There are 2 protein chains.
Amino acid sequence: MPRIVMKFGGTSMAGIERIRHVAARVRREVEAGNQVAVVVSAMAGETDRLVQLCREAASLYDPREYDVVVASGEQVTSGLLAITLQGMGLNARSYMGWQLPIRASGHAAALIEGIDVEVLERVFDGGGIAVIPGFQGVTQDNALATLGRGGSDTSAVALAAAMKADRCDIYTDVDGVYTTDPRIVPRARKLDKVTYEERLELASVGAKVLQTRSVGLAMRYKLPLQVLSSFEDRPGTMIVGDEAIEEEIMERNVITGIAHDKNEAMVTLTGLPDNPGTVAAIFAPLAAANVNVDMIVQSVPRRGEPSVLTFTVPTAALAHSVAELEKVRDAIGFEEIVTETHVVKVSAVGVGMRSTAGIAAKMFETLADRNINILAITTSEIKVSVLIPEEYTELAVRVLHTAYGLDAEDGE
Amino acid sequence: MPRIVMKFGGTSMAGIERIRHVAARVRREVEAGNQVAVVVSAMAGETDRLVQLCREAASLYDPREYDVVVASGEQVTSGLLAITLQGMGLNARSYMGWQLPIRASGHAAALIEGIDVEVLERVFDGGGIAVIPGFQGVTQDNALATLGRGGSDTSAVALAAAMKADRCDIYTDVDGVYTTDPRIVPRARKLDKVTYEERLELASVGAKVLQTRSVGLAMRYKLPLQVLSSFEDRPGTMIVGDEAIEEEIMERNVITGIAHDKNEAMVTLTGLPDNPGTVAAIFAPLAAANVNVDMIVQSVPRRGEPSVLTFTVPTAALAHSVAELEKVRDAIGFEEIVTETHVVKVSAVGVGMRSTAGIAAKMFETLADRNINILAITTSEIKVSVLIPEEYTELAVRVLHTAYGLDAEDGE
């Protein structure tokens with residue numbers, strides 16, 4: 001009997017009318033002959049409200065007690081969904097994280113260590129539906145734990161892996177992963193399939209709600225994920241392993257999608273001495289401070305002359321990074337720290353890139369044709385990214401979407 | 001080291017400002033050298049909101065899942081109070097019903113079967129404060145259970161009994177038990193001490209929030225209860241056993257207070273045949289339907305003539321009672337069922353009554369002087385009650401309060 005996990009986010013659970021709609025979706029999967037576990041988020045806005053209460057109670061709140069407070073949101077929606085399913089004549093019951101149990105370590109951003117499935121096996125054997133609160137687990141010393149924001153996706157994937165589900169369906173307020181942001185490119189197309197790696201690189205393309213951590217987990221367990229709309233009744237996007245698209249790869253576009261990310265800031269250090277070890281001396285303190293440096297460009301100086309180093313860090317880490325660099329300025333002996341936040345990283349992503357030359361060249365030419373200045377470049381096996389001034393975001397995404405043949409046909 | 005349980009109701013927990021105020025109260029008891037467990041209700045209005053959600057989800061909701069939903073309200077306030085106490089530098093932690101555990105049986109109106117105190121003993125040994133959600137427990141098969149509305153008082157008393165506390169303080173939005181409703185009689189006095197039995201009979205006199213069930217439990221374990229205000233800083237009313245007031249009984253007023261209760265409805269059956277067994281035939285179906293018949297008056301008919309029977313039932317059970325009586329009307333052969341809801345039961349309560357004659361006579365005289373018609377009478381060892389037309393409620397309460405010498409001195 002096929003076994004699936006269905007996960008519904010906060011927007012899908014916001015109020016009894018929507019929960020009824022969710023229950024109807026669940027019923028359909030059960031009637032189609034599936035064994036179903038449902039993972040639910042708290043009602044939209046509820047977790048924010050609870051977090052705010054903790055903050056008001058004490059600015060430095062105990063993460064352990066924070067978990068007690070915020071875990072209640074999913075407890076409420078799982079009970080309500082179980083009641084609603086029962087009201088439709090279905091055999092459903094809720095199981096809290098501490099009841100299964102979902103074993104976790106840590107607090108406020110706990111990690112799932114394992115999920116016991118004996119209880120679930122009994123539920124499925126008896127033809128039942130299990131409703132499980134996302135985002136929560138229980139620690140070894142019997143305390144409530146929550147997984148950090150967006151953790152319900154991770155709960156769903158971990159549960160699907162533990163119960164050896166055939167599929168994990170993530171219901172959200174978008175209907176799948178798109179070739180790019182449809183608000184920028186009206187001709188963006190919904191993708192039928194993407195690979196885990198593409199999805200990780202396309203993090204900013206549609207389906208933003210799907211937590212990166214959960215995609216990584218699905219990849220590790222080779223668990224097919226589907227992102228689909230809880231409001232519209234049509235197939236979403238399957239997120240699968242490379243092997244699952246091997247047969248289709250010939251017919252696939254080389255590029256799967258165009259992503260953009262405004263959460264990067266550019267840092268330029270001028271007057272760097274031309275000594276061996278200078279670059280290492282700059283990045284060591286940033287690494288120690290857990291700052292994730294992404295794109296790096298070093299100007300090639302004439303021998304013995306000072307050079308310029310440019311790199312990007314997450315915007316949220318910019319102030320912190322500058323402070324760390326100021327500490328080593330005298331020791332290293334560079335001149336200025338120049339920062340720039342009005343930049344955007346635009347990426348072309350696709351597993352087909354591995355076997356196709358000229359992808360990067362096409363990107364540079366396309367942008368050059370529009371006189372868009374490239375500030376930095378990085379490439380990985382399945383991605384080419386450029387850093388450009390933020391004002392060109394929409395133009396760059398549109399021309400690249402067209403250049404790589406991603407635009408939908410008219411009327412599609 | 002003295003050990004106390006402090007219980008705070010929903011009004012006291014409604015929002016972070018009030019929770020901070022509660023925390024300050026707790027700190028004072030800790031600093032005074034007490035070992036303290038705190039039992040909290042959900043924020044005012046929250047349980048109603050959650051119950052309403054369950055009702056919307058399905059009109060016949062599963063009590064087991066209802067418990068999952070409504071238990072969340074106290075989970076939130078216990079976490080928030082623990083955070084607030086920690087923010088004041090106190091060593092506090094929350095313990096859910098399933099963590100201690102508080103063992104319960106049943107759902108939606110579960111009974112507490114026992115409370116394991118090992119965890120609490122460790123907390124107290126380490127100088128800690130335990131914050132415990134009221135109203136909840138865990139069943140033998142590891143499901144959440146709630147105790148029914150107002151159950152947090154019962155949680156507090158049961159916990160105090162289990163941990164052999166010296167006292168259980170119930171903080172509410174009134175500052176104690178009064179000789180009668182102060183809104184009716186401005187000269188009502190707050191009582192320093194009442195006995196459990198008096199408190200049970202005085203259920204409608206001040207401190208209405210204190211659940212009857214919890215007073216019965218305190219009586220069984222001879223646990224001193226105190227009702228006091230969470231907003232004003234002064235002693236409340238101690239609720240104690242008879243033995244604790246024995247020494248004072250000579251100086252005490254014979255009557256402790258005047259109660260009134262508008263939740264009774266009067267039923268009159270006319271034309272009852274004068275057969276043996278008629279009365280039993282009437283009350284049997286009501287007992288079977290769990291209707292609690294209170295006052296009963298039967299007119300004494302001339303031999304062989306039909307008589308009239310009057311009795312009271314809770315107003316909420318009136319429609320149901322009439323329906324049950326209609327079923328047996330033909331079998332028993334009475335004429336009419338006349339109902340009257342505009343009646344009130346007024347009671348004089350006091351343990352001193354046991355050893356004093358003339359209490360009932362004074363009541364009848366006092367009411368007769370004001371031309372108040374008595375529809376029915378009942379007496380118990382410590383109570384005399386009369387049923388009168390509702391419009392006389394305030395007048396009757398005032399004149400009886402004066403007649404039994406309960407009015408406060410001027411300026412008190």
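Determine whether residue B:321 is surrounded by 19 or more Cβ atoms within 10 Å (Cβ to Cβ) and either under 23 Å from the mean Cα position of the chain (by Cα) or not in a helix (DSSP H, G or I) (or both). No: the conditions fail for residue B:321.
Taking region B:95-114, which residues are farther than 16 Å from residue B:40 by Cβ, of a type in the set (A, V, I, L, M) and buried (at least 17 other Cβ atoms within 10 Å of the Cβ)? Result: B:104, B:108, B:110, B:112.
Quick check on residue B:97: is it within 13 Å of chain A (Cβ to nearest Cβ), out of contact with any Cys (no Cβ under 9 Å at 6 or more places or on another chain) and closer than 22 Å to residue A:74 by Cα? Considered against the rule, which asks whether it is within 13 Å of chain A (Cβ to nearest Cβ), out of contact with any Cys (no Cβ under 9 Å at 6 or more places or on another chain) and closer than 22 Å to residue A:74 by Cα, residue B:97 comes out as yes. Within region B:234-269, being part of a strand (DSSP E or B), under 30 Å from residue B:342 (Cα atoms) and out of contact with any Lys or Arg (no Cβ under 6 Å at 6 or more places or on another chain) holds for B:257, B:258, B:259, B:260, B:265, B:266, B:267, B:268, B:269.
Of note, residue A:118 satisfies the criterion of being within 14 Å of chain B (Cβ to nearest Cβ), of a type outside the set (A, V, I, L, M, F, W, C) and on the phi < 0 side of the Ramachandran plot.
Does any residue of region A:126-139 turn out to be within 14 Å of chain B (Cβ to nearest Cβ), over 29 Å from residue A:64 (Cβ atoms) and of a type outside the set (Phe, Trp, Tyr)? Yes, region A:126-139 contains at least one residue that is within 14 Å of chain B (Cβ to nearest Cβ), over 29 Å from residue A:64 (Cβ atoms) and of a type outside the set (Phe, Trp, Tyr). Taking the criterion of being in contact with a helix residue (DSSP H, G or I) (Cβ under 7 Å, 6 or more places away or on another chain) and in contact (Cβ under 8 Å) with a residue 60 or more places away in the chain, would at least one residue in region A:98-109 satisfy it? The answer is no; no qualifying residue exists.
Is it true that some residue in region A:343-366 is in the same structural domain as residue A:319 (by TED's automatic domain parsing), closer than 18 Å to residue A:262 by Cα and out of contact with any helix residue (DSSP H, G or I) (no Cβ under 8 Å at 6 or more places or on another chain)? Yes, region A:343-366 contains at least one residue that is in the same structural domain as residue A:319 (by TED's automatic domain parsing), closer than 18 Å to residue A:262 by Cα and out of contact with any helix residue (DSSP H, G or I) (no Cβ under 8 Å at 6 or more places or on another chain).
Name the residue, out of A:82, A:57, A:92, A:71, that is crowded, with 17+ Cβ neighbours inside 10 Å, within 12 Å of chain B (Cβ to nearest Cβ) and more than 27 Å from residue B:145 (Cα to Cα).
Working: A:82 fails: more than 27 Å from residue B:145 (Cα to Cα); A:92 fails: more than 27 Å from residue B:145 (Cα to Cα); A:71 fails: more than 27 Å from residue B:145 (Cα to Cα).
That would be A:57, the only listed residue that is crowded, with 17+ Cβ neighbours inside 10 Å, within 12 Å of chain B (Cβ to nearest Cβ) and more than 27 Å from residue B:145 (Cα to Cα).
What number of residues within region B:270-310 satisfy the criterion of being over 32 Å from the mean Cα position of the chain (by Cα) and not in a helix (DSSP H, G or I)? So the answer is 18.
Quick grid of which residues meet (1) within 26 Å of residue A:345 (Cα to Cα); (2) free of Cβ contacts under 8 Å to residues at least 40 places away in the same chain; (3) of a type in the set (Asp, Glu); (4) loosely packed, with under 14 Cβ neighbours inside 10 Å:
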position	(1), (2), (3), (4)
A:244	no, no, no, no
A:269	yes, no, no, no
A:276	no, yes, no, yes
A:284	yes, yes, no, yes
A:294	yes, no, yes, no
A:299	yes, yes, no, yes
A:308	yes, no, no, no
A:313	yes, no, no, no
A:316	yes, no, no, yes
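Could you list, in sequence order, all residues of region B:111-143 that are under 24 Å from residue B:2 (Cβ atoms), of a type outside the set (A, V, I, L, M) and over 28 Å from the mean Cα position of the chain (by Cα)? Of everything in region B:111-143, those that are under 24 Å from residue B:2 (Cβ atoms), of a type outside the set (A, V, I, L, M) and over 28 Å from the mean Cα position of the chain (by Cα) turn out to be B:118, B:121, B:122, B:124, B:125, B:126, B:127, B:128.
Just for region B:23-54: of the residues that are under 18 Å from residue B:81 (Cα atoms) and within 11 Å of chain A (Cβ to nearest Cβ), which one is surrounded by the fewest Cβ atoms within 10 Å (Cβ to Cβ)? Ranking the qualifying residues of region B:23-54, first place goes to B:46.
Confirm whether residue A:104 is modelled with pLDDT under 95, of a type in the set (Gly, Ala, Ser) and not in a helix (DSSP H, G or I).
On the way: modelled with pLDDT under 95: no; of a type in the set (Gly, Ala, Ser): yes; not in a helix (DSSP H, G or I): yes.
Spelling it out, it is not the case that residue A:104 is modelled with pLDDT under 95, of a type in the set (Gly, Ala, Ser) and not in a helix (DSSP H, G or I).
Yes/no per residue for (1) of a type in the set (Phe, Trp, Tyr); (2) modelled with pLDDT of 85 or more; (3) under 24 Å from residue A:254 (Cα atoms):
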| residue | (1), (2), (3) |
| --- | --- |
| A:156 | no, yes, no |
| A:176 | no, yes, yes |
| A:182 | no, yes, yes |
| A:188 | no, yes, yes |
| A:197 | no, yes, yes |
| A:203 | no, no, yes |
| A:208 | no, no, yes |
| A:218 | no, yes, yes |
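What about residue A:313, is it within 27 Å of the chain's Cα centre (by Cα), at pLDDT 90 or above and outside any helix (DSSP H, G or I)? The answer is yes for residue A:313. Condition check: farther than 30 Å from residue B:246 by Cβ, surrounded by fewer than 19 Cβ atoms within 10 Å (Cβ to Cβ) and in contact with a Gly (Cβ under 8 Å, 6 or more places away or on another chain). Does residue B:336 satisfy that? Spelling it out, residue B:336 is indeed farther than 30 Å from residue B:246 by Cβ, surrounded by fewer than 19 Cβ atoms within 10 Å (Cβ to Cβ) and in contact with a Gly (Cβ under 8 Å, 6 or more places away or on another chain).
The values are calculated or read from the model by the stated rules, or taken from the named source; none is laboratory data. Fair warning: this is a prediction, and the values are worked out from it, not measured in the lab. Methodologically, a virtual Cβ is constructed for each residue, glycine included, from the backbone with ideal geometry; neighbour enumeration extends over all protein chains shown.
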